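See structure below.
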Amino acid sequence: MPEKISGLLMGIYSRIKSAGRLLLLTGLFFFLSLSCKSQKDSEKIDRHELVNRHNILVKEYNPLASLSVGNGNFAFTTDISGLQTFYKEYEVGVSLGTMSNWGWHTTPDTIGYDMSETYHYYEIDGRQVPYQDQLTVSDRAMYAAAYFRQNPHRLHLGIIRLVITKSNGDEIEITDLQSPRHHLDLWKGEITSNFIVEGDSVSVTVYVHPDKDLISARIVSPLIDSGQLAVEWLFPYAAPVHTHAGYDFNSAEKHISVVEATVDNSVVIKRQLDNDRYYILISWQEDAVFEKKDTHRFVLQPSGEVNQLEFSCQFSPNAIAEDLPDFVSTQKRSIAGWEGFWQSGGAVDFSACTDPRAEELERRTVLSQYLTKVNGSGNLPPQETGLTFNSWYGKFHLEMIWWHSAHYYNWQRPELMAGQLPFYRDIYRQSVEFTRLQGYPGVRWPKMVGPGGINSPSSIGSYLIWQQPHLIYLAEQLYLANPGTKILNEYADLIFATADFMAGFASFDSTIGKYNLNPPLIPAQEHWDRETTVNPPFELAYWYWGLTTAQKWKERLGEQIHPGWEEVRTKLAAPEVLNDVYSGIASATDSYTNPENMRDHPMVLGLRGMLPQWEKTDEEVLRNTLNLVMNEWDWQHTWGWDYPMAAMCATRLLEPEIALEALLMDVQKNRYLVNGHNYQDERLRIYLPGNGGFLKAIALMCAGWEGCSTKNPGFPDCEKWNVKWENLNSDF
């Protein structure tokens, strides 16, 4: 439209210039050119309006519609009552977590297992190389692998619920809540719930403190005055289950809950689970009685003629010696913290778009920012279900840290990722020890770990390699966000050790003069056989990018480039082309004819979906591959981040319609619930790599990448897609 108006004005200009009205026309031209200018360039986004039009309101029981508040290291998930009153009813959906990055439990090892019992050996270059495998040859080895997979497991810290008694003396059921309104105010980080029980109103407001593992709540109801409303704490044993809410209320004899101190309107509870312990400090403002009602059940019962109760509850691995912030203080801190979050970093506004798909894109964009902040912006890499419920025993996957956290740089919030990277230093020494045991130089990073960094035995995870360059990628983002020696000095040794392993892992084939990535390995498309997989295309490209970037760090520090890395980098084999498309792995002639090879992650698209152009890849072959994958892939058997990866590949190939088709594909694994979570299946009801990947894709579709001159390259160049954005960093 601006081009049409500009052409029209130039025509008018040529016809009336001789009439001597140049000055008037020049002013008119300037005015209209301003009026046609992209709103991205001429006006700031109203962020308060943008965020608040996606606040969530739930009006009926829906176990998939629980709502969370949190700070990245601690989160509290609520049901329709505003607390965790009906936790059993939500177990089938997005269950009600009270989880932290420090809260873990280890089942005592009464047998005396050793990790070496899980080793499976492969002969590589004449040496026996151990891998920690769960598919072992003896019962004891199988039990050992199961033990190390299950331990440690993330712990649910405790249920906090309302106890409301009806006039007949029975406790309410979820069907007794009339006219419920469960609301999340994204701008404030505030959950409110309003409902009616037998004609009496109940109002609950909950915040999480931005800097403490603490919730504060205000409850207002005439049922408090009548003695029919109290607050209950239930403390569970841990549950070493693959996918689970994280609690076990059927093992009361295995743990201890004791009141350690009571002072004025506060109480300290000490929890002991085998060799693990933690503390809970609860304080309240009104007159109330706190009592232990059962072995692990405590009740705060208001007394006196009041209709309001305010309390704060902090969880801690250590004894808490300070007074807790009250409700009003936590409220102020939460509102200030969330307003600061939304006012900083990037923003994308789709309200001026007329394409009917735009509204859903904006909803997912806003809610994904909230969910990744709540669940994955703390001091450890996130687990795939965050701080909401457990998956893979609550452990995190280091190959997924890219999908959780690589978007923060693009959204100009690198500090939310920076806190996770020191974990690599924490586990560096033991990772080096195992790398040496395998006979490689440098450091090989594990895959599925808890806070101690011990790799979990796996017939898949132990053979993955695509997590190795992630540290280089994320550290490079930190450097670009804050160029200078501080970041270089902080991470250079880790990056160089990572590059040492990558170069050492590649194997030279003298017959072709190239370096290969040889078995045993499993690529990111995990179904390929670990004993026969050679040169998966994405891993080759990522190896090249990682070694290239490590050399940049050498140069930035004034050091000579590493000759060994350069040898491997420049002589890496190219991805194999088969019938004008890139093969899933080298020599796999059935990559796209065997249905079994057309499922799981379509990782071949990561060649451009996650990485910049590599001189050994061809753009037209990539385009052919993209079209084939989009048309033929078994999208029902994929994962939530596959869709943004495909969208990013299409964007870099300047195929915006394909990018939109991929990002909004109507299949179950790409479903986003009312609370913004990426649903996968009945087992994995939420999946945060999908949210993180979505944000990464949106940033690329708006801001492009280094060398890209196309405005909003991921969106069609038409009036329907007037996408407004600000404060986004372009990609590599």
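The values are calculated or read from the model by the stated rules, or taken from the named source; none is laboratory data. Keep in mind it's a predicted model, so treat the numbers as computed, not measured. Methodologically, a virtual Cβ is constructed for each residue, glycine included, from the backbone with ideal geometry; neighbour enumeration extends over all protein chains shown.
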So, in region 523-568, of the ones that are polar (S, T, N, Q) and part of a loop (DSSP other than H, G, I, E, B), which residue ends up farthest from the chain's Cα centre (by Cα)?
Q560
Of the conditions (1) in contact with an Asp or Glu (Cβ under 7 Å, 6 or more places away or on another chain); (2) surrounded by fewer than 19 Cβ atoms within 10 Å (Cβ to Cβ); (3) touching a residue at least 40 places away in the same chain (Cβ under 8 Å); (4) under 29 Å from V197 (Cα atoms), the single one that L96 does not satisfy is (2)
Among R140, R161, R149, which is in contact with a strand residue (DSSP E or B) (Cβ under 6 Å, 6 or more places away or on another chain) and of a type in the set (K, R)?
R161
Counting residues that are modelled with pLDDT of 95 or more and not hydrophobic (A, V, I, L, M, F, W, C), which strands (runs of 3 or more DSSP E) fully inside region 19-129 reach at least 1?
67-70, 74-78, 98-100, 119-124
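Regarding region 355-374, can at least one residue be identified that is acidic (D, E), part of a loop (DSSP other than H, G, I, E, B) and buried (at least 20 other Cβ atoms within 10 Å of the Cβ)?
Of the residues in region 355-374, the ones acidic (D, E) are 355, 359-360, 362.
Adding the requirement that they be part of a loop (DSSP other than H, G, I, E, B) leaves 355.
Subsequent filtering for residues that are buried (at least 20 other Cβ atoms within 10 Å of the Cβ) retains none.
No, region 355-374 contains no residue that is acidic (D, E), part of a loop (DSSP other than H, G, I, E, B) and buried (at least 20 other Cβ atoms within 10 Å of the Cβ).
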Could you please let me know if I56 is β-branched (V, I, T), crowded, with 17+ Cβ neighbours inside 10 Å and in contact (Cβ under 8 Å) with a residue 12 or more places away in the chain?
yes
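Please enumerate the residues belonging to region 222-235 that are over 12 Å from L162 (Cα atoms) and buried (at least 20 other Cβ atoms within 10 Å of the Cβ).
Here is the first cut: in region 222-235, the residues over 12 Å from L162 (Cα atoms) are 222, 225-227, 235.
Within region 222-235, F235 is the sole residue that qualifies.
Only one of L478, L471 is closer than 30 Å to S730 by Cα and in contact (Cβ under 8 Å) with a residue 60 or more places away in the chain; which?
Details: L471 fails: in contact (Cβ under 8 Å) with a residue 60 or more places away in the chain.
Being closer than 30 Å to S730 by Cα and in contact (Cβ under 8 Å) with a residue 60 or more places away in the chain holds for just one of L478, L471, which is L478.
For region 380-389, indicate whether the set of residues that are closer than 27 Å to L155 by Cβ and either surrounded by fewer than 23 Cβ atoms within 10 Å (Cβ to Cβ) or not assigned by TED's automatic domain parsing to the domain that holds I698 (or both) is non-empty.
Of the residues in region 380-389, the ones closer than 27 Å to L155 by Cβ are 380-389.
With either surrounded by fewer than 23 Cβ atoms within 10 Å (Cβ to Cβ) or not assigned by TED's automatic domain parsing to the domain that holds I698 (or both) added as a condition, the list becomes 380.
Yes; the residues of region 380-389 include at least one that is closer than 27 Å to L155 by Cβ and either surrounded by fewer than 23 Cβ atoms within 10 Å (Cβ to Cβ) or not assigned by TED's automatic domain parsing to the domain that holds I698 (or both).
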Is there a residue being of a type in the set (D, E, K, R), assigned to a helix (DSSP H, G or I) and either touching a helix residue (DSSP H, G or I) at 6+ places or on another chain (Cβ under 8 Å) or surrounded by fewer than 24 Cβ atoms within 10 Å (Cβ to Cβ) (or both) anywhere in region 337-349?
yes
Give me the residue from region 281-304 that is modelled with pLDDT of 95 or more and hydroxyl-bearing (S, T, Y) and, out of that set, nearest to P317 (Cα to Cα).
S283
What number of residues in region 132-146 are surrounded by fewer than 20 Cβ atoms within 10 Å (Cβ to Cβ) and outside any loop (DSSP other than H, G, I, E, B)?
5
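Wholly within region 385-482, which helices (runs of 4 or more DSSP H) include no fewer than the required count, namely at least 1 residues that are of a type in the set (A, V, I, L, M)? Before the answer, list the steps.
Numbers: elements: 401-405, 407-410, 415-418, 422-426, 428-438, 470-481.
Hits in region 385-482: 401-405, 415-418, 428-438, 470-481.
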Identify, please: which residue in region 688-732 is in contact with a Cys (Cβ under 7 Å, 6 or more places away or on another chain) and of a type in the set (F, W, Y) and is, among those, farthest from P612 (Cα to Cα)?
W721
Tell me which strands (runs of 3 or more DSSP E) are completely within region 270-311 and hold 3 or more residues being of a type outside the set (S, T, Y), free of Cβ contacts under 8 Å to residues at least 60 places away in the same chain and over 27 Å from P152 (Cα atoms), or say none if there are none.
288-294
Among the residues of region 627-635, is there at least one that is modelled with pLDDT of 95 or more, closer than 30 Å to I56 by Cβ and not small (G, A, S)?
yes
Number of positions in region 86-103 that are over 17 Å from the mean Cα position of the chain (by Cα), farther than 15 Å from C313 by Cβ and polar (S, T, N, Q)
1
Which of the residues spanning region 40-85 are within 22 Å of the chain's Cα centre (by Cα), of a type in the set (F, W, Y) and over 17 Å from I160 (Cα atoms)?
none
Yes/no for N168 being over 21 Å from L234 (Cβ atoms), in the same structural domain as A230 (by TED's automatic domain parsing) and surrounded by 22 or more Cβ atoms within 10 Å (Cβ to Cβ)
no
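Return yes when L162 is touching a helix residue (DSSP H, G or I) at 6+ places or on another chain (Cβ under 8 Å) and either among the hydrophobic types (A, V, I, L, M, F, W, C) or at pLDDT below 95 (or both) and no when it is not. Walk me through it before giving the result.
Values: touching a helix residue (DSSP H, G or I) at 6+ places or on another chain (Cβ under 8 Å): no; either among the hydrophobic types (A, V, I, L, M, F, W, C) or at pLDDT below 95 (or both): yes.
So L162 does not fit the description; no.
Let me confirm something: among Y582, Y679, Y643, which residue is hydroxyl-bearing (S, T, Y), in contact (Cβ under 8 Å) with a residue 40 or more places away in the chain, surrounded by 20 or more Cβ atoms within 10 Å (Cβ to Cβ) and not assigned by TED's automatic domain parsing to the domain that holds K711? Before you say what the answer is, go through the steps one by one.
On the way: Y679 fails: not assigned by TED's automatic domain parsing to the domain that holds K711; Y643 fails: not assigned by TED's automatic domain parsing to the domain that holds K711.
Answer to the selection: Y582.
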State whether the residues of region 557-579 include one that is in contact with a Pro (Cβ under 8 Å, 6 or more places away or on another chain), crowded, with 18+ Cβ neighbours inside 10 Å and over 26 Å from R623 (Cα atoms).
no
Identity of the residue in region 187-196, surrounded by fewer than 22 Cβ atoms within 10 Å (Cβ to Cβ) and more than 14 Å from R333 (Cβ to Cβ), that ends up nearest to the chain's Cα centre (by Cα)
W187
For region 491-511, how many residues meet the condition of being surrounded by fewer than 17 Cβ atoms within 10 Å (Cβ to Cβ) and not hydroxyl-bearing (S, T, Y)?
3
Being modelled with pLDDT of 95 or more and in contact with a Pro (Cβ under 9 Å, 6 or more places away or on another chain) narrows it down to one residue among N168, N194; which is it?
N194
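Of the residues that sit in region 63-73 and are closer than 16 Å to S95 by Cβ and in contact with a strand residue (DSSP E or B) (Cβ under 9 Å, 6 or more places away or on another chain), which one is surrounded by the fewest Cβ atoms within 10 Å (Cβ to Cβ)?
L64
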